[in-house]
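The values are calculated or read from the model by the stated rules, or taken from the named source; none is laboratory data. The shown structure was predicted, so the numbers you read here are calculated from the model rather than taken from an experiment. No Cβ is skipped: glycine too gets one built from the backbone with ideal geometry, and neighbour counts run over all protein chains shown. The area values use the complete protein model at the heavy-atom level, side chains included, leaving out ligands, DNA and RNA. Shrake-Rupley method; radii C 1.70, N 1.55, O 1.52, S 1.80 Å.
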Amino acid sequence: MTIRLLIADDESLLRMAFRMVFQAEPDMEVAGEAGDGDEAARMARMVRPDVVLMDVRMPGVDGIEATRRIVRDSPRSRVLILTTFDLDEYAFAGLKAGASGFLPKNTRPEELLAAIRSVAAGDAAVSPRITRRLLEKFAPQLMPGAPERDERLALLTSREHEVLVQVARGLSNAEVATAMHLAEATVKTHFSRVLLKLGLRDRAQVVVFAYESGLIRPATW
């Protein structure tokens, strides 16, 4: 399977550098480029990329708003945010907007390629533990007010609910299996149903959902 990519960055030299890296990979194809967030959202609707590599600081419509538009209008496309630092408010805002992961701009090419393949396969490119650190650091100022319980939680069985909470706390499937005395394959099945019932994309989105709906709080981590 060829991964179709959209590169969104206002620096043309950086876009060219990314294109050269991706063109050298037999399973990747650059489907388009964009110099700002508005163009990125339009291009995503046109070329239907598997993964959008999104800079956050762009003129006009920034990468966060562009991510919201892409997640809303091009749900098959997944967004990978590029940040200046590995833990900053843009990374958190990107995840909250629906991105499937983030990476600092100085990430090594092999790590970037691995993250793209992970996101294209349906996984998050950032671990739940890192997502939790972002929530703990930035959620109080970026998500003011008390959390509201989401009505979609009523769709979950008690076992699915427990798997959701364990994953949101940062546990891997293997760790959840050990904690709940289940087979890892059973945990994977429960987690797939959690994603389907809640309409979430990946583990990073599960952590954000659990925080927003009040299932977990920093004090409980």
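Do you know which residues across the stretch 94-132 are modelled with pLDDT under 85, of a type in the set (Ser, Thr, Tyr) and either open to solvent by 50 Å² or more (accessible area, probe 1.4 Å) or assigned to a helix (DSSP H, G or I) (or both)?
Of the residues in the stretch 94-132, the ones modelled with pLDDT under 85 are 95-96, 101-107, 121-132.
Then keep just the ones that are of a type in the set (Ser, Thr, Tyr); that gives 107, 127, 131.
Once the filter is applied, which keeps residues that are modelled with pLDDT under 85, of a type in the set (Ser, Thr, Tyr) and either open to solvent by 50 Å² or more (accessible area, probe 1.4 Å) or assigned to a helix (DSSP H, G or I) (or both), the stretch 94-132 yields Ser127, Thr131.
Within the stretch 196-219, the residues that satisfy the criterion of being open to solvent by 30 Å² or more (accessible area, probe 1.4 Å) and either of a type in the set (Val, Ile, Thr) or part of a helix (DSSP H, G or I) (or both) are Leu196, Lys197, Arg203, Glu212, Pro218, Ala219.
Any idea which residue in the stretch 3-29 is farthest from Arg117 (Cα to Cα), counting only those that are among the β-branched types (Val, Ile, Thr) and within 20 Å of the chain's Cα centre (by Cα)?
Taking the stretch 3-29 first, the residues among the β-branched types (Val, Ile, Thr) are 3, 7, 21.
After this cut, where a residue has to be within 20 Å of the chain's Cα centre (by Cα) as well, the list is 3, 7.
Working: Ile3: 8, Ile7: 15 Å.
In this case the residue turns out to be Ile7.
Applying the set (1) modelled with pLDDT of 75 or more; (2) open to solvent by 30 Å² or more (accessible area, probe 1.4 Å) to Asp86 leaves exactly one unmet item: (1). Taking the criterion of being of a type in the set (Val, Ile, Thr), open to solvent by less than 10 Å² (accessible area, probe 1.4 Å) and either in contact with a Gly (Cβ under 7 Å, 6 or more places away or on another chain) or without any contact (Cβ under 8 Å) to a residue 40 or more places away in the chain (or both), the only residue of the stretch 41-58 that qualifies is Val56.
In the stretch 5-17, what residues are among the hydrophobic types (A, V, I, L, M, F, W, C) and surrounded by fewer than 20 Cβ atoms within 10 Å (Cβ to Cβ)? Working first, answer last.
Start the filter on the stretch 5-17 by keeping residues that are among the hydrophobic types (A, V, I, L, M, F, W, C), which leaves 5-8, 13-14, 16-17.
Matches in the stretch 5-17: Leu13, Leu14, Met16, Ala17.
Report yes if Ser74 is out of contact with any strand residue (DSSP E or B) (no Cβ under 7 Å at 6 or more places or on another chain), among the small types (Gly, Ala, Ser) and under 26 Å from Leu200 (Cβ atoms), otherwise no.
Criteria met by Ser74.
Against the numbered list (1) assigned by the TED database to the domain that holds Pro26; (2) part of a helix (DSSP H, G or I); (3) open to solvent by less than 40 Å² (accessible area, probe 1.4 Å); (4) at pLDDT below 90, Leu135 comes up short only at (1). Looking at Asp38, is it part of a loop (DSSP other than H, G, I, E, B), open to solvent by 30 Å² or more (accessible area, probe 1.4 Å) and not assigned by the TED database to the domain that holds Arg201? The answer is no for Asp38. Quick one: would you say Leu200 is closer than 26 Å to Pro75 by Cβ, out of contact with any strand residue (DSSP E or B) (no Cβ under 8 Å at 6 or more places or on another chain) and not polar (S, T, N, Q)? Yes: the conditions hold for Leu200. Kindly provide the set of residues from the stretch 139-164 that are surrounded by fewer than 17 Cβ atoms within 10 Å (Cβ to Cβ), hydrophobic (A, V, I, L, M, F, W, C) and at pLDDT 90 or above, ordered by number. Result: Ala154, Leu155.
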